[in-house]
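So the structure is just underneath, and the comments pick up after that.
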Amino acid sequence: MGSIDEEVSLLEVEESLVQEELKLYAEDGSIDIRGNPPLKQKTGNWKACPFIFANECCERLAYYGIAKNLITYFTNELHETNVAAARHVMTWQGTCYITPLAGALIADSYWGRYWTIVCFSAIYFIGLVVLTLSASVPGLKPEECIGSLCPPATTVQSTFLFSGLYLIALGTGGIKPCVSSFGADQFDKTDPNERVRKASFFNWFYFTTNIGSFVSSTFLFWVQENCGWELGFLIPTVFMGLATISFFFGTPLYRFQKPRGSPITRVCQVLVAAYRKPNLKVSEENNTLLFETCDMMNSSNDGNCKIEHTDGYKFLDKAAIILKEEAIAEPFIDPWKLCTVTQVEEVKILLRLFPIWASGIIFSVLHSQIYTLFVQQGRSMKRNIGSFEIPPATLGMFDTASVLVFVPIYDRLIVPFVRRFTGLAKGFTELQRMGIGLFVSVLSLTSAAIVETVRLQLARDLDLVGSGDTVPLTIFWQIPQYFLMGTAGVFFFVGRIEFFYEQSPDSMRSLCSAWVLLTSTLGNYSSSMIITLVAYLSGKDSWIPSDNINKGHLDYFFWLLVCLGCVNIPVFIFFSVKYTHKKV
């Protein structure tokens, strides 16, 4: 008996050693650069994040170094009107947030997040080179104004400029949807300790994003307006090169998730399969067949049902029910006639996420004013400190400064404090964070509207309406509206990134990240449409005049945005309360 007991004991010890060895490797399906299961001690976690943070910081410095002051380049160097310049900027920024859909599809379906980031970074860099040339080569930019005569850009000059801008838009489309998800992939979701660190990762990821934005809002804008746009565009080009190099340096430390096939194809298969069974009723008997089908069909999906079956959107369940005559007649299963439960539930998740996603459109409308009309408002205010003139776009530094100050406070002080009352490791839920962000964004526009009301009244009192001269009201009165919008971003943007990463299906994370960014596209396009519509409807006495905003009513426009934000908040709360899905 002793020998048997010894044998059992040895087997237990051996099994224990095997389990301990397995714990040394990430168990979330990721691989290292050689295609092997990654060792936790040598890959991923915080050790891989500095390279990703450096990449994001430099890339965002390059992007914001162009985006936040681009309206000044259009008006001062290309001699465009305020309305035309604002429309061009918002359309371009909107495109920068729609191209991520293409990048996400490539990443999820074919290349994976790492190679998508690498390849699109090259496109991004080429776009920056073209943009720098358009501002540097004399024949590629309009002649300077002679008195009041300002020659517009020629067709060739405009084409060259916009080629550079839209190559940048394409390049950011491959980086933006992948980099935050790639960073989150460095944490093993099956490890409780790493899972907690992942929540903190999103805060610090947004923090590093705003370091780049802060540098561009201070030093870079001063260079553009005082040392020339040639150098002002060259610096972002150099930093984009540094961003790519930084990302490469971290390659041996990264964990990689394999692409899992086209998510769009998977969604379309569910819709087509459900459409092909219009008269089928989902009964208890069929539900049994549905779960049996899941077990049978998931051989290509890691051998199990990754997402449990849920109620709701029952018309989609028909896609996962095999008809008896089909089971007998067909030797193989056509994915366009029969899908797995996992596929069906993935589509249900997207439908449940839709109302939460849509709430971000109005937030983006409000947030986009930082790059356009906030700048034009500041241009009509007192900007001198002694002999030094503050570039109006520089006030955007207070948007990013609020993030740099607030993220550490939030992560180290507010979360532990709130945790005592909510019992949640992350303090607030993601939806609660988003709701707070929506509210604070309305406060930002309220502050802007009050400042503009005072500014216009002062312009009338001092008889500056006709001349369009700068109103002697210091530009520093804009600080609260920038600071509040930055605080709103800490709550809304970070909460939204984490919410969609956690709730989205594993096979659609890049796509859902791109889907989130699409709200910025729609927000910028909506803002452009609202500005055009307001300019048309307000007629001769336009709220947003083409040159002299002292003649307009920018305050009315800001109050209009406040009303839109106030309508958006209760709608968001309603759908947040109804949202019950939690991915298993």
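The values are calculated or read from the model by the stated rules, or taken from the named source; none is laboratory data. Predicted model, so just to flag it, every value in this text is computed and none were measured. In this analysis, Cβ positions are derived from the backbone assuming ideal geometry, glycine residues included, and neighbour counts consider all displayed protein chains. Please note that ligands, DNA and RNA were not included when accessible areas were found on the heavy atoms of the full protein model with its side chains. Shrake-Rupley method; radii C 1.70, N 1.55, O 1.52, S 1.80 Å.
Considering each of F219, F207 in turn, give the residue that is in a helix (DSSP H, G or I), within 18 Å of Y482 (Cβ to Cβ), more than 23 Å from the chain's Cα centre (by Cα) and not acidic (D, E). It would help to see each step written out before you state the result.
Numbers: F207 fails: more than 23 Å from the chain's Cα centre (by Cα).
Result: F219 is the single residue among F219, F207 that is in a helix (DSSP H, G or I), within 18 Å of Y482 (Cβ to Cβ), more than 23 Å from the chain's Cα centre (by Cα) and not acidic (D, E).
Here are some residues: L404, L350, L438. Which one is within 30 Å of L280 (Cβ to Cβ), assigned to a helix (DSSP H, G or I) and not charged (D, E, K, R)?
On the way: L404 fails: within 30 Å of L280 (Cβ to Cβ); L438 fails: within 30 Å of L280 (Cβ to Cβ).
Residue meeting the stated conditions: L350.
Taking the condition open to solvent by 10 Å² or more (accessible area, probe 1.4 Å), under 30 Å from G65 (Cβ atoms), among the basic types (K, R) and modelled with pLDDT of 80 or more, does R460 pass? If you could, list the steps in order and put the result at the bottom.
Working: open to solvent by 10 Å² or more (accessible area, probe 1.4 Å): yes; under 30 Å from G65 (Cβ atoms): no; among the basic types (K, R): yes; modelled with pLDDT of 80 or more: yes.
When the stated conditions are applied, R460 does not pass them.
Do any residues in the range 400-417 that are in contact (Cβ under 8 Å) with a residue 40 or more places away in the chain and of a type outside the set (D, E) have Cβ atoms under 7 Å from those of residues that are in a helix (DSSP H, G or I) and open to solvent by 70 Å² or more (accessible area, probe 1.4 Å), where the two are at least six apart or on different chains, and which pairs are they?
S402/F483
Tell me, which residue of the range 360-392 that is surrounded by 22 or more Cβ atoms within 10 Å (Cβ to Cβ) and of a type in the set (G, A, S) is farthest from the chain's Cα centre (by Cα)? Before the answer, list the steps.
Step one: filter the range 360-392 for residues surrounded by 22 or more Cβ atoms within 10 Å (Cβ to Cβ), giving 360, 362-375, 377-378, 380-381, 391-392.
If we keep only those that are of a type in the set (G, A, S) as well, we get 360, 364, 368, 378, 380.
Details: G360: 10, S364: 10, S368: 13, G378: 27, S380: 31 Å.
Filtering first and then ranking leaves S380.
Here are some residues: I31, I66, I71. Which one is modelled with pLDDT of 80 or more, of a type outside the set (K, R) and over 30 Å from A135 (Cβ atoms)? Can you show your working first?
Numbers: I66 fails: over 30 Å from A135 (Cβ atoms); I71 fails: over 30 Å from A135 (Cβ atoms).
On inspection, the qualifying residue turns out to be I31.
Name the helices (runs of 4 or more DSSP H) wholly inside the range 467-584 in which the number of residues that are surrounded by fewer than 21 Cβ atoms within 10 Å (Cβ to Cβ) and free of Cβ contacts under 8 Å to residues at least 12 places away in the same chain is 1 or more.
Output list reads 509-537, 554-578.
Kindly list, by first and then second residue, each pair from a residue in the range 163-176 that is under 12 Å from I98 (Cα atoms) and of a type in the set (D, E, K, R) to a residue that is part of a helix (DSSP H, G or I) and open to solvent by less than 40 Å² (accessible area, probe 1.4 Å), limited to pairs with Cβ atoms under 6 Å and residues at least 6 apart or on different chains.
Matching pairs, first to second residue: K176/P100; K176/L517.
Kindly provide the set of residues from the range 146-179 that are aliphatic (A, V, I, L, M) and part of a helix (DSSP H, G or I), ordered by number. If you could, list the steps in order and put the result at the bottom.
Here is the first cut: in the range 146-179, the ones aliphatic (A, V, I, L, M) are 146, 149, 153, 156, 161, 165, 167-170, 175, 179.
V156, L161, L165, L167, I168, A169, L170, I175, V179, listed by residue number.
Please go through the range 46-91 and give me each residue that is open to solvent by 10 Å² or more (accessible area, probe 1.4 Å), in contact (Cβ under 8 Å) with a residue 60 or more places away in the chain, within 24 Å of the chain's Cα centre (by Cα) and within 20 Å of S528 (Cα to Cα), ordered by number.
Correct list: Y64, R87, T91.
Got at least one residue in the range 266-288 being surrounded by fewer than 17 Cβ atoms within 10 Å (Cβ to Cβ), at pLDDT below 70 and under 30 Å from L24 (Cβ atoms)?
Within the range 266-288, none of the residues are surrounded by fewer than 17 Cβ atoms within 10 Å (Cβ to Cβ), at pLDDT below 70 and under 30 Å from L24 (Cβ atoms).
Identify the residue in the range 146-157 that is touching a Leu at 6+ places or on another chain (Cβ under 8 Å) and not aliphatic (A, V, I, L, M) and, among all such residues, is most open to solvent (accessible area, probe 1.4 Å).
Residue satisfying both the conditions and the ranking: P152.
Could you list all residues from the range 92-145 that are part of a loop (DSSP other than H, G, I, E, B) and open to solvent by less than 50 Å² (accessible area, probe 1.4 Å)? Please lay out each step first, then the result.
Quick first cut of the range 92-145, residues part of a loop (DSSP other than H, G, I, E, B) only: 97-99, 137, 141-145.
Selection gives Y97, T99, P142.
Could you tell me whether the range 426-433 includes any residue that is within 24 Å of R197 (Cα to Cα) and aromatic (F, W, Y)?
Step one: filter the range 426-433 for residues within 24 Å of R197 (Cα to Cα), giving 426-433.
Okay, now just the ones that are also aromatic (F, W, Y), so 428.
Yes, some residue in the range 426-433 is within 24 Å of R197 (Cα to Cα) and aromatic (F, W, Y).
Say we look at the range 331-359 and pick out the residues that are of a type in the set (D, E) and in contact (Cβ under 8 Å) with a residue 12 or more places away in the chain; which of these is surrounded by the fewest Cβ atoms within 10 Å (Cβ to Cβ)? Step through it out loud before you land on a result.
Here is the first cut: in the range 331-359, the ones of a type in the set (D, E) are 334, 345-346.
Narrowing the set further to residues that are in contact (Cβ under 8 Å) with a residue 12 or more places away in the chain leaves 345-346.
Working: E345: 26, E346: 23.
Among them, the one singled out is E346.
Taking H88 as the residue in question, decide whether it is in a loop (DSSP other than H, G, I, E, B) and under 30 Å from R379 (Cα atoms).
Details: in a loop (DSSP other than H, G, I, E, B): no; under 30 Å from R379 (Cα atoms): yes.
Judged against the criteria, H88 is not a match.
Residue by residue through the range 209-238, note down the ones that are surrounded by 23 or more Cβ atoms within 10 Å (Cβ to Cβ) and modelled with pLDDT of 80 or more.
Matches in the range 209-238: T209, G212, L220, Q224, G232, F233, P236.
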